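Before any comments, here is the structure.
The values are calculated or read from the model by the stated rules, or taken from the named source; none is laboratory data. Values in this document were obtained by computation on a predicted structure and should not be read as measured data. Positions of Cβ are generated from backbone atoms using ideal geometry, with glycine treated the same way; all protein chains shown enter the neighbour counts.
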Amino acid sequence: MKKSNFFKSVYIALIGIAHGVSKERNIKIQIVVGIFIIALSYLLQISRSDFMIIILVVFLVLSFELANTAMEKFIDHIHPGYDAELGKVKDIMAGAVLLIVFSSIIIGLLILFVPFINFIRSFF
């Protein structure tokens, strides 16, 4: 099999992301929240290292959600009917996404809470 070039691989990956975004409500919500958090972080002028952590966490959540979507689609393809054991696999993957979301909320609060409070206080 012929190896694909780098640009073709990037194109295929972008198609995969677009498919996940177009088909999954949770990814759309997470993108909107991620854009909001990144914009808020920029507005609050947090440190460069904290800003990098925020960006990393946002992309980590999106990556896990895409992986979860891929796993669900794969399971649904190989076994269209309900299977309790495969249902557990889906639940475990959803749990992994939930843990990443919870950790991102905690990280976001730890980084953004004080700058946000200071920003609000600057108006009073």
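Observations on the model:
- Some residue of segment 93-115 being farther than 28 Å from residue 20 by Cα, modelled with pLDDT of 95 or more and of a type outside the set (A, V, I, L, M, F, W, C): yes
- Single condition residue 89 does not satisfy, out of (1) surrounded by 12 or more Cβ atoms within 10 Å (Cβ to Cβ); (2) aliphatic (A, V, I, L, M); (3) touching a residue at least 40 places away in the same chain (Cβ under 8 Å): (3)
- For residue 47, the conditions (1) of a type in the set (Ser, Thr, Tyr); (2) surrounded by 13 or more Cβ atoms within 10 Å (Cβ to Cβ); (3) out of contact with any helix residue (DSSP H, G or I) (no Cβ under 7 Å at 6 or more places or on another chain) are fulfilled apart from (2).
- Residue 34 vs. criteria in contact (Cβ under 8 Å) with a residue 60 or more places away in the chain, among the small types (Gly, Ala, Ser) and surrounded by 16 or more Cβ atoms within 10 Å (Cβ to Cβ): no
- The one condition in (1) at pLDDT 95 or above; (2) among the β-branched types (Val, Ile, Thr); (3) touching a Lys or Arg at 6+ places or on another chain (Cβ under 9 Å) that residue 21 fails to fulfil: (1)
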